[in-house]
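The values are calculated or read from the model by the stated rules, or taken from the named source; none is laboratory data. In this text, all values refer to a predicted model and were calculated from it rather than measured experimentally. Cβ sites come from the backbone with ideal geometry, for glycine too, and all protein chains shown count toward neighbours.
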């Protein structure tokens, strides 16, 4: 069966060049990067080269990059590394669970947390952030691109607010890095999270950019790795893979590959919105070039995902719970969608490997599958007059 | 696929027949939801919808090489099974959530999902049989070969449409044969113990569950305390709430008398719990409502049947007759002990399920 993968916000396939770059570090170059001998020197050099590539992608210094086990660890390090009991944190209602649940833990342990709501387009209003500031505000943590809708938050404006008031600003850029230019100077953040496997690198490795002068307490205590900010022997193959992926992502952005991807995404989106009683979630807001999130009234997103998977197309709904069952997306609910509409929403996210034929494959399957699901739906009115609904409110 | 032996073996059997099989697990209840409430365990293991069970089901699907998905029906389950379960108890009846789950979830929602994803039929690990009767042109539900595992009592609500789309591959097998087959297919769950209790009530302690659920909902248990009276109408004590009692109950009545006392009746309107001796527990007739007929489209004349009034009841000979739309009256040859409102009465003609309904009341 032909299989097409349009779920690149979940994870992306490792690019062949990335795999090639990593391969020697599973074999001949096996040294511990902390060792003083030849073997250690070899891997140390590879780790530092990767650090430079990541720094170049983010516009920071190599010394400001801390490698972690992924986006979740980087988010946790930023938050728990800074915030102490009595401190106040500002975040948003649409953050990834790596931030939301870290903040929930803070709130249960003597910290105050303010959750900034979003409007119907999924955007945080920087004025709300400013109003939420308190004398004890230590950290603002608001994401760059949302994982479910791709909506870009006004982080540069939030960065200005943070700088004016001397509050730390962290942004989770996991879904943005490699998709749009992501420069810590332009954003004005003190901390920024990325994850390798969202930009065609390997799973299990990420990085936190920690701007100079940010006093961060480590979460893992041990050796003096990563300038004593993250103890533990480096995941050398993973770090090398992240470095290569960052290098390729930077080159692709310079070639304006993201515009090509936006064209493919727009084509997919336009065609899907031709189906009756559908609408775009996050329409009217700036978005990354690879994501579209669409509701199909009268269907269960869950059934559509399964039906499409059985035909070879991989897409997704919102977050899955621990059993793998689907829960209504907290992001779409925060945007004001009715629960049934949130549950009828599907995220399509493109990657570098996708071709125009992949999009056509999807477009060949989705309309007929949606029609079949609606025919069998107990709630979908039979034989209604075709009515095209507008974008989500 | 619950992650247990029965449904796992069904998947293996169908796969071995060369059918195109898709594994589905229904996520119905978050087992951690009431954890930490007073009297509830902190964590629950080895139960339906627990992470471990989903893991087991996933492993089985992987062993068999079939696609596998978890579908979330927690909202429907709470609305159509858990809430009615709580309300029935508070109304002094003794509910059967498994039948509600079969009627509203497994053979309704799951069947819809199955059709939506392109499956013609659903197969479950129930011990029962489905057959098509050419003569009457009706789908029949029949008792399984292994009478000790018979689950037809919980399946009386199935419609003709549902039966036509259902497979019960274990209907002709005994439990030991099923386990043997699971071993033969190298299924990791071959030795997993059977589940016994109501899946969302940890340890089978429904009273604690009611209290934890109501407290989670921000509700206090409604005031259902009242008098304990004898069948002669004499008040002999007080009780803390009708939901603590079920017909036939002997323990925990809170009154001491010379001879053993049993709950004979729970009067919801007056909140009285009527107690009496063993003989007074026996009734000859019952009235069942919301009746579903399976082997016949309608009940034109009284019919000779056997009746089960609870899951582990030996079917008892009786006559059934129509008593209004969707209602029947059943008259037993011999009085039956502890006919309990809220339970089902399921009617059999030999091994064939004629139909069933919900017990409304009984009379001596």
In the range A:335-349, residue farthest from the chain's Cα centre (by Cα) [restricted to those that are surrounded by fewer than 19 Cβ atoms within 10 Å (Cβ to Cβ) and farther than 25 Å from residue A:309 by Cα]: A:338
Among (1) in contact with a strand residue (DSSP E or B) (Cβ under 9 Å, 6 or more places away or on another chain); (2) away from chain A (no Cβ under 13 Å); (3) touching a residue at least 12 places away in the same chain (Cβ under 8 Å) - the single one residue B:131 does not satisfy: (3)
Flag if residue B:147 is surrounded by fewer than 18 Cβ atoms within 10 Å (Cβ to Cβ) and either within 14 Å of chain A (Cβ to nearest Cβ) or within 20 Å of residue B:98 (Cα to Cα) (or both): yes
Residue that is over 22 Å from the mean Cα position of the chain (by Cα) and either buried (at least 20 other Cβ atoms within 10 Å of the Cβ) or outside the structural domain of residue B:95 (by TED's automatic domain parsing) (or both), where the choices are B:190, B:182: B:182
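Say we look at the range B:111-128 and pick out the residues that are more than 14 Å from chain A (Cβ to nearest Cβ) and in a loop (DSSP other than H, G, I, E, B); which of these is nearest to residue A:374 (Cα to Cα)? Don't jump to the end; show me each part of the working.
Of all residues in the range B:111-128, those more than 14 Å from chain A (Cβ to nearest Cβ) come to B:121, B:123-128.
Remaining after also requiring in a loop (DSSP other than H, G, I, E, B): B:121, B:124-128.
On the way: B:121: 19, B:124: 25, B:125: 29, B:126: 30, B:127: 33, B:128: 32 Å.
Residue satisfying both the conditions and the ranking: B:121.
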Conditions (1) in contact (Cβ under 8 Å) with a residue 60 or more places away in the chain; (2) more than 20 Å from the chain's Cα centre (by Cα); (3) closer than 23 Å to residue B:306 by Cβ: number failed by residue B:114: (3)
Condition met for residue B:256 (part of a loop (DSSP other than H, G, I, E, B) and free of Cβ contacts under 8 Å to residues at least 12 places away in the same chain): yes
Matching option when the condition is within 30 Å of residue A:254 (Cα to Cα), exposed (fewer than 15 other Cβ atoms within 10 Å of the Cβ) and not assigned by TED's automatic domain parsing to the domain that holds residue A:348, among A:74, A:163, A:107: A:163
For residue B:264: the one exception among (1) more than 23 Å from residue B:84 (Cβ to Cβ); (2) surrounded by 20 or more Cβ atoms within 10 Å (Cβ to Cβ); (3) in contact (Cβ under 8 Å) with a residue 60 or more places away in the chain: (3)
Breaking point among (1) outside any loop (DSSP other than H, G, I, E, B); (2) in contact with a strand residue (DSSP E or B) (Cβ under 6 Å, 6 or more places away or on another chain); (3) more than 14 Å from residue A:238 (Cβ to Cβ), for residue A:185: (2)
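Among the listed residues A:260, A:270, identify the single one that is at pLDDT below 95, farther than 19 Å from residue A:11 by Cα and in a helix (DSSP H, G or I). If you could, list the steps in order and put the result at the bottom.
Details: A:270 fails: at pLDDT below 95.
After ruling out the rest, the residue left standing is A:260.
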Index of the failed condition, residue B:310 passing every other in (1) assigned to a loop (DSSP other than H, G, I, E, B); (2) surrounded by fewer than 16 Cβ atoms within 10 Å (Cβ to Cβ): (2)
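Specify which of the listed residues (A:215, A:227, A:250) is modelled with pLDDT under 95 and part of a helix (DSSP H, G or I).
Values: A:215 fails: part of a helix (DSSP H, G or I); A:250 fails: modelled with pLDDT under 95.
Going through A:215, A:227, A:250 in turn, the sole match is A:227.
Can you name the helices (runs of 4 or more DSSP H) wholly within the range B:1-107 that have at least 3 residues being more than 14 Å from every other protein chain (Cβ to nearest Cβ), under 27 Å from residue B:310 (Cβ atoms) and modelled with pLDDT of 90 or more? Give the derivation first.
Working: elements: B:5-16, B:51-64, B:74-77, B:83-90, B:97-101.
Of the helices (runs of 4 or more DSSP H) lying wholly inside the range B:1-107, those with at least 3 residues that are more than 14 Å from every other protein chain (Cβ to nearest Cβ), under 27 Å from residue B:310 (Cβ atoms) and modelled with pLDDT of 90 or more span B:5-16, B:83-90, B:97-101.
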